[in-house]
1. Can you tell me which residue is surrounded by the most Cβ atoms within 10 Å (Cβ to Cβ) among those in region 45-58 that are under 13 Å from V91 (Cα atoms) and not aliphatic (A, V, I, L, M)?
2. Please find, within region 97-128, the residue that is nearest to F85 (Cα to Cα) out of those that are among the small types (G, A, S), assigned to a helix (DSSP H, G or I) and over 16 Å from the mean Cα position of the chain (by Cα).
3. Looking only at residues that are farther than 17 Å from V112 by Cβ and either in a loop (DSSP other than H, G, I, E, B) or more than 17 Å from the chain's Cα centre (by Cα) (or both) in region 129-156, which one is modelled with the lowest pLDDT?
4. Applying the selection to region 92-123, what residues are farther than 14 Å from L55 by Cβ and touching a Ser or Thr at 6+ places or on another chain (Cβ under 9 Å)?
5. When both residues are 6+ apart or on different chains and their Cβ atoms are under 7 Å apart, which pairs have a first residue that lies in region 131-156 and is in contact (Cβ under 8 Å) with a residue 24 or more places away in the chain and more than 16 Å from L51 (Cβ to Cβ), and a second that is of a type in the set (D, E, K, R) and surrounded by 13 or more Cβ atoms within 10 Å (Cβ to Cβ)?
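The values are calculated or read from the model by the stated rules, or taken from the named source; none is laboratory data. None of the values given here were measured: they were computed from a predicted structure. No Cβ is skipped: glycine too gets one built from the backbone with ideal geometry, and neighbour counts run over all protein chains shown.
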Amino acid sequence: MSAARGFDRNGAGGADDREVIHVGAIAEKRRAAATRWGMLLVTFMRICAVLWLALGLLHWLHILWPGATSLEAMPVEPAILIACFAVANVVAAVGLWLAAPWGGVLWSITVVAEMLAIWFFPAYFAGGYKLLPLYALLLIAYFTLSWLAARQRRQM
């Protein structure tokens, strides 16, 4: 049979070592190890999703609440940033909760953009410069967990 029809050189039906069914104690160890980093990554993403949903809702509160400073009274740049982050944070939170690849990418972009916004306009973001180390730590944790989970999947 040819490789074009889904068969490998040995005549097997497209299965490689990662798709073989393993049983016994070794299989249980592999399964337990495989879920560890992946589950930690998903748990981390879900925790960040809740935090980013709250952050997005706080931005919406700033926009829509009658007692809040009106966006019209603010300089144009911070007003645009707050409006953009109100949308981007909520969408990124949904993507993180679903553990979708686009959620992690959008969240990473949003975090970096918000770090830059805080750097240039600290007075318009609650927490100001104090949030920068936290955001950096969250990004490092996300990329580290993603790398560890991907490495573990490749090893199996």
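1. By that ranking, first place goes to W52.
2. A117
3. Looking at the filtered set, the residue picked out is M156.
4. The answer is G104, and nothing else.
5. As it stands, the answer is M156/R30, since those pairs meet every condition given.
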